[in-house]
Structure formats: structure tokens, C-alpha cells
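Presented below is the structure to which this report refers.
The values are calculated or read from the model by the stated rules, or taken from the named source; none is laboratory data. These numbers were taken from a predicted model, which means no experiment stands behind them. Protein only, heavy atoms only, side chains kept; ligands, DNA and RNA dropped before computing areas. Shrake-Rupley method; radii C 1.70, N 1.55, O 1.52, S 1.80 Å.
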Amino acid sequence: MTTIDQVIAEKIGSWTINEWPVGNFVLCVIALVLSVVLCGIIGIERERRGRSAGLRTHLLVGVGSCIIMIISIYGFPAIVINGQPLTRDVARLAAQVITGVGFLGAGAIIHRNSGIRGLTTAATIWIVMAIGLACGSMNYIIAIVGTGLIMFVLTAVRKFETRLNKKAPLVSLRVEHKSTIIGELLQIAQKFGCTILDLQVELCDNGEVQATFLAVSNSSDFRTNEFLAHLEQLEGVLQVGVINGHKL
């Protein structure tokens, strides 16, 4: 099966100027420019949301992956042994890129008292690597369509996710060290018809206790503000808040 990208690559790759084969050079330039544009779009979205891995990081990962893919295809001359060309695996360098960028994405994940942050940013670092590899392998259509789908996930799906989080807010609760409010917390949750899930308790350096949990409700009109107000009235509670967009 012949794809549109293969047809484009064959036509442009056959270009010559005074018997100089410039087609491959043009393909490489298109791949690099396209990777800058597509990875830059994703990087701008992360930059606007104030993530530590923003525009420059995504551009570097995407363009670097594109360059390595180009080198993997064109950078090594064909080796002929006894008149027969030696077959080589052009995807070997790409496989190493996937592993290496995975470690880079892990560095964007941060564990704090309020939970784990940076998972989406780590995923976008990984996906711009894939877009860069697609551009470098001359799969332009796949790279463009993939970028469009990623932007749809980062924008439109975020709004849908926010609506879901209203029914299951991630609550952060800071209390005194000697406070015992678990029983009272369960009573309030029962009163509002919600279930406490993923309860995590951590002792802070100043002796206070930080607790985070999901307040999951099956009701569409869960009164989050009223629920938080009841928690604030408990003895020993120092601070109550909701971590919006906890899947970052």
C-alpha cells in the first residue's frame, strides 16, 4: 500500500538541479520546519499554562528527534559486500530516542504533598518526540493529523475533564498534628452523599498533617463549597482547599 507521504517523498526526492540531487535536501528542510511548527504548537500550549517544560523544551525534543531520524535514514552510506548491499535497520536510532525521551519525561513529573503533577507535560514531551520522528521519516500527514488530535485532547477534553472533576474534587486538608477528624470527615461525606477515595495522609516538617482525598459523588449537583465549609468548621482544621485540574 502506497501512502500520500510516500508519493510526496518520491516526487520531491527526484528533484535535481544541474544533475545535483537536491530532492533529499528539500525533504529534510521540510521535515525540520514542519517539526518546529507542530512541536511549537504543543509547546506554546504548555507554556501558556505555566508548565516547567514549555516551548523551548518541546521544540528541542521535537527537532532533535527529527534530526536523529533524518540521520538514521540518510546519514550512513550504503555498505556493499561482494556486490550486494548490506541491509541495515534505519529504525535503530529511533528506538534509542524513544527510550531516552522517556527518561526526560520522567524528570517532568513532580511528587508533592498535594499529589503527583506533571504527568500531562511528560506525555506531551513524549508525543513531540513521536511527531519529530514522523517528520524526520517523511510521514508529514501523520505528523499533522497527530498534532491536531493532541491539541484537541489538551484543549477540548480538558473542559470535559473539568466538568468531571466538579463531581469528584481533589480536596486538600491541613490539620493540627493531634487532630482526629477522620470519623467526622466520613460523617460529613455521608451527609453530602459522597464517598472518600484515595485518602493520603502525610506529616509535614512543621508538625502539621496534610491530607488529600477525592470526594466522589454520584449526584450531578454536588455542593462542593458547602462541603468545604463544613470541613472548615471541624476542630483542628487549619486549611481546606480544592486542587483544580489535579491531573496535570
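Mind listing the phi-derived Karplus ³J(HN,Hα) values for segment 134-144, rounded to whole Hz, using 6.51, -1.76 and 1.60 with θ = phi - 60°, and x for any glycine or proline?
For segment 134-144, the Karplus curve yields 5, 5, x, 8, 6, 8, 5, 4, 4, 5, 5 Hz.
How would Glu176, Glu184 rank on accessible area, largest to smallest, probe 1.4 Å? Provide the component values of the computation, followed by the final result.
Details: Glu176 95, Glu184 75 Å².
Listed by decreasing accessible area, they come as Glu176, Glu184.
Report ³J(HN,Hα) in whole Hz for each residue of segment 41-48, in order, from the Karplus equation J = 6.51 cos²θ - 1.76 cosθ + 1.60 where θ = phi - 60°; Gly and Pro get x.
Ordered by residue, 3J(HN,Hα) equals 4, 5, x, 5, 4, 5, 5, 5 Hz.
Convert 25 °C to kelvin, take the viscosity as 0.890 mPa s, use the Kirkwood radius over C-alpha pairs of segment 1-48 as Rh, and evaluate the Stokes-Einstein diffusion coefficient in µm²/s, rounded to a whole number. Walk me through the numbers on the way to the answer.
Details: Rh = 12.4 Å.
Value of D from the Cα-based Kirkwood radius: 197 µm²/s.
How much length is gained on full extension from Ile141 to Arg158, taking 0.36 nm per residue of separation minus their Cα-Cα distance? Write down the numbers at each step before the final one.
On the way: separation 17, 0.36 × 17 = 6.12 nm, distance 2.51 nm.
That works out to 3.6 nm of additional length.
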